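Written below as structure tokens is the structure these notes are about.
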Amino acid sequence: METRILLRNTIRISGKFKIGLRYLVLLGISVVLFAPFVLSFLGTLKTNAEIIAWPPKIFPENWLWNNWADTWNTDLGRGGTFPRWLFNTSFLAIVTATLQVLFCAMGGYAFARLKFKGKNIIFTFMLSSMMLPGIVTLVPKYVFMAKIHLINTYWALILPGSVEAFGIFLLTQYFKSIPGELEEACKIDGASYLDIFRNVIIPLSKPALLTLFILKFQAMWNNFMEALLYLSKVSMWTLNVALMTFQQQYVSQRNLVLVGVMFNAFPVLILFFLFSKYYMEGVSFSGLKG
Amino acid sequence: MKKQSSLSEMKKREEIAAYVFLSPYLLATLVFTIGMLLFALYISLHDWNLFQSPEFAGVKNYIKAFRSEDFRRGFLNIAWYTLIVVFTQTFVAVFMAVILFKPIPGKQFFRTFFYAPSVTSSVVISMIFIWLYLKTGYINLLFGKVAEIFGGEWQNVEWLNKPDGLFQLLARGVGGDIEYGKWYLHGPSVTWMAIMVQAVYTTSPTFMIMFLAALVNIPSSLYESASIDGASSWKQFWKITMPMLRPITLLVVVLGTMGCIQMFDYVKLMTAGGPLGTTLVPVYQIYTETLGINGPIRAGYGAAMAFILAVVIFALTYIQRKFIEEKTEQY
């Protein structure tokens, strides 16, 4: 009897110990993952001397919130200001994400619901084009944009980014999961394909459309290489390109560079925490296609 | 009779509608995928500085790429990078996913929390790590504290400016050395490894989400019957979880390989290929040649290097696919 109680207690304690251990590991990972961001945030409030002093301290001596205002008001001339770069980045991200949702939904509808010649060939081609390394088309795209004078315009990023195989594939799979009865009823009532697309498919697919929008918004917001290639004028820079140059010119003011980092990181982080469910679904989907 | 014609008419209408709906994608693919592929081939066979008209060069650009020591060096660097980063990030991602998968209060919160840093851009990450890696930065502080605990002393390292290779350091540890000219024997440099750490830091959570999605799809009946048979959770992990995760592991490895080989951002932002060429990578070379950053614009040479790189990526991902598919058939 006694041994049994002892045994039960041991199991209970070891169970608790296991849960505690797991929390400890989770906490450890959280610290490692977030320390760089927290330290940078605290760094934005320090003087530049503090920021490069040895040994580095965690908290600022005086909390210099005006670093944020200083960075926001920095003017590199010829339209190079943070509000302008923030506008460029948001504009590009919103426009490309919107176009992606529209065009990919159109393509997805055709693949999921309509019968047409060449459907299988085009679909297979589309899937295999996803395995094409982006680097092959980098040089010709740059030359092409230069030759048709789209360098330093928003178009250079919007045109190639407005529709992609991945988005069509994602929405095709989602549309296929919508039951077809409603559409049949609409067809009998004489609705056109456009009516069905607009009034049945789109309203029923809001979660998938939102997922795609968020993924593409983030992709364009974080886009570095193409923005770097196509946008060389100061007033056309996105936050990413601006931050790179800002860091080179303001090596002596790392605190201001870190504020720039926050301007760049906060919008996507806020968007992420608002819509994390949709983010996760999008990422999981790209895993399930394998 | 009439009904039949209207049926074929309906079919035709459906077909036209389909192509109208598909037209944005078809147009974009025609121009930006097929068109650009052909254009890339054309450019790679020409010498072109973008100002004068292109001059036919045959396969000269390809030969030049193979002969270039810098290009070979870039390949070796990216090979080390891909090998180490893909392995480590896959391992870390599985580890985090398995810990987060077990029912535990606050699981959802941690899942969101872990993924958050990955949504920020490579520029954000690079700017932060440039600062952390300073000689007076927190990474050195951390090493110093750890050394203190073990009673040693830590010499602060300028992480982003340390060309010494891994094997070089090991050789020095046993009293020998490898001279700097023999770059192919150095192994990855300290700077290069610092960038690998940063890469694993940003990519692992993304792949963790993929593994989590795959874990949810493993039928719990498998674990239940294994538990009845008295299999330990360690054994269950190796006999059930790992085999069931094979397909997703393949995808993570393939996606990871594609991403790693085309790495550009960190090199551009943090090292520009230095110190002593130990972080030079092919895509960075393609970029500098095409834009003429270290000399005249050589778009043809850039395009040829891109093609070679693409063929290598294709071959690698094909081998990985075959290898893992073969292993999977046993189950």
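Looking at (1) touching a residue at least 60 places away in the same chain (Cβ under 8 Å); (2) assigned by TED's automatic domain parsing to the domain that holds B:Ile209; (3) closer than 27 Å to A:Ala227 by Cα, which one does B:Leu76 not meet, given that it meets all the others?
Failing condition for B:Leu76: (3).
Could you run through region A:123-161 and say how many residues are of a type in the set (S, T, N, Q) and within 7 Å of another protein chain (Cβ to nearest Cβ)?
Matching residues across region A:123-161 total 2.
Taking region B:269-292 as the region of interest, how many residues are over 20 Å from B:Ser53 (Cα atoms), out of contact with any Ser or Thr (no Cβ under 9 Å at 6 or more places or on another chain) and free of Cβ contacts under 8 Å to residues at least 40 places away in the same chain?
4
Looking at (1) outside the structural domain of A:Leu212 (by TED's automatic domain parsing); (2) at pLDDT 85 or above, can you tell me which one A:Asp75 breaks?
(2)
Residues that are assigned by TED's automatic domain parsing to the domain that holds A:Thr137, of a type in the set (A, V, I, L, M), in a helix (DSSP H, G or I) and under 24 Å from A:Phe37 (Cβ atoms): does region A:275-290 have at least one?
The answer is yes, given that some residue of region A:275-290 is assigned by TED's automatic domain parsing to the domain that holds A:Thr137, of a type in the set (A, V, I, L, M), in a helix (DSSP H, G or I) and under 24 Å from A:Phe37 (Cβ atoms).
Is it the case that region A:242-253 has a residue that's within 8 Å of chain B (Cβ to nearest Cβ) and modelled with pLDDT of 90 or more?
Yes, the conditions are met somewhere in region A:242-253.
Restrict the check to region A:160-170 and report whether at least one residue is touching a helix residue (DSSP H, G or I) at 6+ places or on another chain (Cβ under 8 Å), of a type outside the set (Gly, Ala, Ser) and more than 22 Å from A:Met280 (Cα to Cα).
So far as region A:160-170 goes, yes, one or more of its residues are touching a helix residue (DSSP H, G or I) at 6+ places or on another chain (Cβ under 8 Å), of a type outside the set (Gly, Ala, Ser) and more than 22 Å from A:Met280 (Cα to Cα).
Return only the number of the condition from (1) out of contact with any Leu (no Cβ under 9 Å at 6 or more places or on another chain); (2) assigned by TED's automatic domain parsing to the domain that holds A:Leu231 that A:Thr89 does not satisfy.
So the condition that A:Thr89 fails would be (1).
Since A:Gly77 meets every condition but one in (1) touching a Phe, Trp or Tyr at 6+ places or on another chain (Cβ under 8 Å); (2) touching a residue at least 40 places away in the same chain (Cβ under 8 Å); (3) not polar (S, T, N, Q), which condition does it not meet?
(1)
Within region A:215-267, track down each residue that is out of contact with any helix residue (DSSP H, G or I) (no Cβ under 9 Å at 6 or more places or on another chain) and either within 26 Å of B:Thr136 (Cα to Cα) or not aromatic (Phe, Trp, Tyr) (or both).
A:Lys233, A:Gln248, A:Gln249
Picking from A:Thr47, A:Thr74, which residue would you name as being among the hydroxyl-bearing types (Ser, Thr, Tyr), touching a helix residue (DSSP H, G or I) at 6+ places or on another chain (Cβ under 8 Å), surrounded by 11 or more Cβ atoms within 10 Å (Cβ to Cβ) and more than 21 Å from A:Leu239 (Cβ to Cβ)?
Of the residues listed, the single one that is among the hydroxyl-bearing types (Ser, Thr, Tyr), touching a helix residue (DSSP H, G or I) at 6+ places or on another chain (Cβ under 8 Å), surrounded by 11 or more Cβ atoms within 10 Å (Cβ to Cβ) and more than 21 Å from A:Leu239 (Cβ to Cβ) is A:Thr47.
For region B:153-255, give me every one of the helices (runs of 4 or more DSSP H) that falls completely inside it and has 3 or more residues that are away from chain A (no Cβ under 14 Å) and of a type outside the set (Asp, Glu).
B:166-173, B:190-216, B:220-228
Go through A:Leu274, A:Leu239 for me and flag whichever is surrounded by 23 or more Cβ atoms within 10 Å (Cβ to Cβ) and modelled with pLDDT of 90 or more.
Within the list A:Leu274, A:Leu239, the selection yields A:Leu239.
Please determine whether any residue of region B:61-72 is in contact with a His (Cβ under 9 Å, 6 or more places away or on another chain) and more than 10 Å from chain A (Cβ to nearest Cβ).
yes
In region A:106-122, what residues are without any contact (Cβ under 8 Å) to a residue 24 or more places away in the chain and either part of a helix (DSSP H, G or I) or facing another protein chain (nearest Cβ under 7 Å) (or both)?
A:Ala110, A:Lys115, A:Phe116, A:Lys117, A:Lys119, A:Asn120, A:Ile121, A:Ile122
Could you identify the single residue in A:Phe266, A:Phe246 that is farther than 30 Å from B:Arg246 by Cβ and within 13 Å of the chain's Cα centre (by Cα)?
A:Phe266
Test each condition in (1) closer than 30 Å to B:Lys322 by Cα; (2) touching a Ser or Thr at 6+ places or on another chain (Cβ under 8 Å); (3) small (Gly, Ala, Ser) for A:Ser276 and report the one that comes out false.
Only one criterion in (1) closer than 30 Å to B:Lys322 by Cα; (2) touching a Ser or Thr at 6+ places or on another chain (Cβ under 8 Å); (3) small (Gly, Ala, Ser) is unmet by A:Ser276, namely (1).
In region A:35-50, which residues are more than 7 Å from chain B (Cβ to nearest Cβ) and not small (Gly, Ala, Ser)?
Correct list: A:Val38, A:Phe41, A:Leu42, A:Thr44, A:Leu45, A:Lys46, A:Thr47, A:Asn48, A:Glu50.
Residue check, B:Ile286 against (1) over 22 Å from A:Phe246 (Cα atoms); (2) within 12 Å of chain A (Cβ to nearest Cβ); (3) not in a helix (DSSP H, G or I), all met but one. Which one?
That leaves (3) as the condition not met.
Regarding region B:105-116, can at least one residue be identified that is surrounded by fewer than 22 Cβ atoms within 10 Å (Cβ to Cβ), at positive phi and not basic (Lys, Arg)?
The answer is yes; a qualifying residue exists.
Collect the residues in region A:184-236 that are farther than 24 Å from B:Phe21 by Cβ, charged (D, E, K, R) and part of a helix (DSSP H, G or I), keeping them in residue-number order.
Hit for region A:184-236 is A:Glu226, nothing else.
Quick one: would you say B:Phe91 is under 20 Å from B:Phe207 (Cβ atoms) and either free of Cβ contacts under 8 Å to residues at least 40 places away in the same chain or more than 14 Å from every other protein chain (Cβ to nearest Cβ) (or both)?
Spelling it out, B:Phe91 is indeed under 20 Å from B:Phe207 (Cβ atoms) and either free of Cβ contacts under 8 Å to residues at least 40 places away in the same chain or more than 14 Å from every other protein chain (Cβ to nearest Cβ) (or both).
Just to be sure I understand, how many residues within region B:43-58 are loosely packed, with under 14 Cβ neighbours inside 10 Å and either touching a strand residue (DSSP E or B) at 6+ places or on another chain (Cβ under 8 Å) or at pLDDT 90 or above (or both)?
Final tally of qualifying residues: 2.
In this structure, does A:Asn88 turn out to be of a type in the set (S, T, N, Q) and either out of contact with any Phe, Trp or Tyr (no Cβ under 8 Å at 6 or more places or on another chain) or at the interface with chain B (Cβ under 10 Å from one of its Cβ atoms) (or both)?
no
So which of B:Gly256, B:Gly302 is touching an Asp or Glu at 6+ places or on another chain (Cβ under 6 Å) and either within 26 Å of B:Pro163 (Cβ to Cβ) or not aromatic (Phe, Trp, Tyr) (or both)?
Among B:Gly256, B:Gly302, only B:Gly302 is touching an Asp or Glu at 6+ places or on another chain (Cβ under 6 Å) and either within 26 Å of B:Pro163 (Cβ to Cβ) or not aromatic (Phe, Trp, Tyr) (or both).
Assess whether A:Trp54 counts as being of a type in the set (Phe, Trp, Tyr) and within 13 Å of A:Asn255 (Cα to Cα).
No; evaluated as a whole, the condition is false for this residue.
Which numbered condition in (1) closer than 16 Å to A:Met106 by Cβ; (2) out of contact with any Ser or Thr (no Cβ under 8 Å at 6 or more places or on another chain); (3) at pLDDT 90 or above is the only one that A:Ser162 fails?
(2)
The values are calculated or read from the model by the stated rules, or taken from the named source; none is laboratory data. Fair warning: this is a prediction, and the values are worked out from it, not measured in the lab. Heads up, the Cβs are rebuilt from the backbone with ideal geometry, glycines too, and the neighbour counts pull from every protein chain shown.
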